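The values are calculated or read from the model by the stated rules, or taken from the named source; none is laboratory data. Since we're looking at a predicted model, the values are computed, not measured. In this analysis, Cβ positions are derived from the backbone assuming ideal geometry, glycine residues included, and neighbour counts consider all displayed protein chains.
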Amino acid sequence: MQNRQLAEQAPVQVRLGLGANWQQFCLLVLINAFVGGMVGLERTIVPLVGPQEFHIASATVVASFVISFGVVKALTNLISGQLADAWGRKRVLVLGWLIGLPVPFLIIWAPSWSWIVAANVLLGMNQGLAWSMTVIMKIDLVGPKSRGLAVGLNEFAGYLAVGITAFLTGYIAARAHALRPDPFYLGIGYAVLGFALSAFAVRDTSEHVRLEAGKHAKVAPARFGEVFTRTSFRDPNLFAVCQAGLVNNLNDGMSWAIFPMFFASFGLGVEGIAMLKAVYPAIWGVLQTLTGPLSDRLGRKGLIVWGMWVQAAGLFLTALLRGFGWWLLGSVLLGVGTAMVYPTLLAAISDASHPTWRARSLSVYRFWRDLGYAIGALIAGVIGDIFGLAWAIAAVGVLTFASGLVVACAMKNQPQLTP
C-alpha cells in the first residue's frame, strides 16, 4: 500500500517529442478545433446579419465587427506570452474559454449591431488567449525537431473547424429560413466543451519548457521590450515573417467581412456563400498537415514567398471574374496559398526564439499578424464604399503580392535554430 502511494506521488517523467506526449497533443488538437469553430460561427452568417437584419448599407460599418475582433485579438496576443510565462499555459487557456462562453449568446440575443461588435471583443480575447496557448503548448511538447509538424496539426484542426462550421451555419440558416438563432447553437456546444476539456483534462507544459531550455546555452533574461523590437524590426528574418503574417491576415480579414456581401450582390444564396466560405479555410486547414512538416525539410522562405503569391492570384481571380466556378477556384487558391504560409510563419518565429522567451516572441508575431484582421477589414470597407467591393478585393491582392516580394528580398533562405 505504501509503495503504491509513493508511486502515485512520484513525479511524472517529462520527455520531449510527439510520441512521448501524443495524448496531451491530441487533446490540444481537439480543443483548438473548438477554438476555430468559434470563429467559423461568424464567417458566413454575421456579415449578412448587418445588411439583412439591421439594414446597414455601409461596408465599413459591417466590417466593424472584424475590426473590433482584430484589434482586441492582436492586443491579447501581445500579452498572452507574458501571461503564459507568469501564470502557466493552462491557466491562460482556461481564462480564454471563460471569456468566450458569452459570445454565442450575445450574437443570438443582439438587438443592435453594437452587440455584435461587443461579442467580437470577447471573441478576440478568447482567440488571443486560447489559440495562442494551444500553439505554444504543442511547440513545448514536441521540442525543436517537429515544430512545423506541431504547428501544422494545430492550425489544421483550427481552420478545418472554421471551414466546417462556416458551411454548417449557412446550411442551418438556409433550412431554418433565418440567420439567427439556430446556426449559433453550435457555438454554445463549442464553448462548453472547450472550457471543460481545458479545465479538467489539459496538463500544463512548463516542465517541458524547462527541459528544453536546459539543453540550450544559458542566456540573460530577456525583457519584453527587447523581445518586441527584435521580433518586430531588428532581426531581418523576424521582420519579414511579421509583415507577411500581418498581410496574410489582412486579406483574411477582408475576405471575412467583404466576400459574403460581394457574392450576395450577384444574387448568390446563403448556401452557395457558405460553400465558398467553407472551401477556403477547409483547404487551408487540411493542407497544413503537409506544408508544416514540408517546411521542416525544405526550409521556410520558399513556401512563404510562393504562398503569398498564390493567395494574391486567388484574390485577383475573385475580383476580376464572375460566376460561382471562378469564385470557387479563387477560394481554392486562397486556401492553398494560406496553407503554404500559415504554419511556416509560426515555425520560422520558433526557429529564431530561445525557449525562455519563445512564448513572448510568438505573442509579438501574433500581435502583428492578427492586427491584419482589423487593417484588412478597414481598408476593404473604405475602398468598397468608395469604389466598389471588387476594387477592395483587388487592392488587397496587390498588397499580398508585395508582401511576398518583401520576404523574397529580406529573409535569409534558412533561418537557424537558436543554439
field: Condition broken by Met125, with the remaining ones in (1) at pLDDT below 90; (2) surrounded by fewer than 24 Cβ atoms within 10 Å (Cβ to Cβ) satisfied
entry: (1)
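Which residue out of Ala110, Ala161, Ala118 is of a type in the set (A, V, I, L, M), buried (at least 24 other Cβ atoms within 10 Å of the Cβ) and under 25 Å from Ile258 (Cβ atoms)?
On the way: Ala110 fails: buried (at least 24 other Cβ atoms within 10 Å of the Cβ); Ala118 fails: buried (at least 24 other Cβ atoms within 10 Å of the Cβ).
Exactly one of Ala110, Ala161, Ala118 is of a type in the set (A, V, I, L, M), buried (at least 24 other Cβ atoms within 10 Å of the Cβ) and under 25 Å from Ile258 (Cβ atoms), namely Ala161.
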statement: When restricted to Ala257, Ala359, the only residue closer than 26 Å to Val72 by Cα and at pLDDT 85 or above is Ala257
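Could you check how many residues of the range 229-255 are more than 15 Å from Ala394 (Cα to Cα) and either among the hydrophobic types (A, V, I, L, M, F, W, C) or surrounded by 24 or more Cβ atoms within 10 Å (Cβ to Cβ) (or both)? Walk me through it before giving the result.
Step one: filter the range 229-255 for residues more than 15 Å from Ala394 (Cα to Cα), giving 229-246, 249.
Imposing the further condition that a residue be either among the hydrophobic types (A, V, I, L, M, F, W, C) or surrounded by 24 or more Cβ atoms within 10 Å (Cβ to Cβ) (or both) reduces the set to 231, 233, 238-242, 244-246, 249.
Matching residues across the range 229-255 total 11.
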query: Failed condition for Trp306, given (1) free of Cβ contacts under 8 Å to residues at least 12 places away in the same chain; (2) in contact with a helix residue (DSSP H, G or I) (Cβ under 9 Å, 6 or more places away or on another chain), with all others met?
result: (1)
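Name the one entry in Leu106, Leu98 that is touching a residue at least 40 places away in the same chain (Cβ under 8 Å) and touching a helix residue (DSSP H, G or I) at 6+ places or on another chain (Cβ under 7 Å).
Working: Leu106 fails: touching a residue at least 40 places away in the same chain (Cβ under 8 Å).
Matching residue, one of Leu106, Leu98: Leu98.
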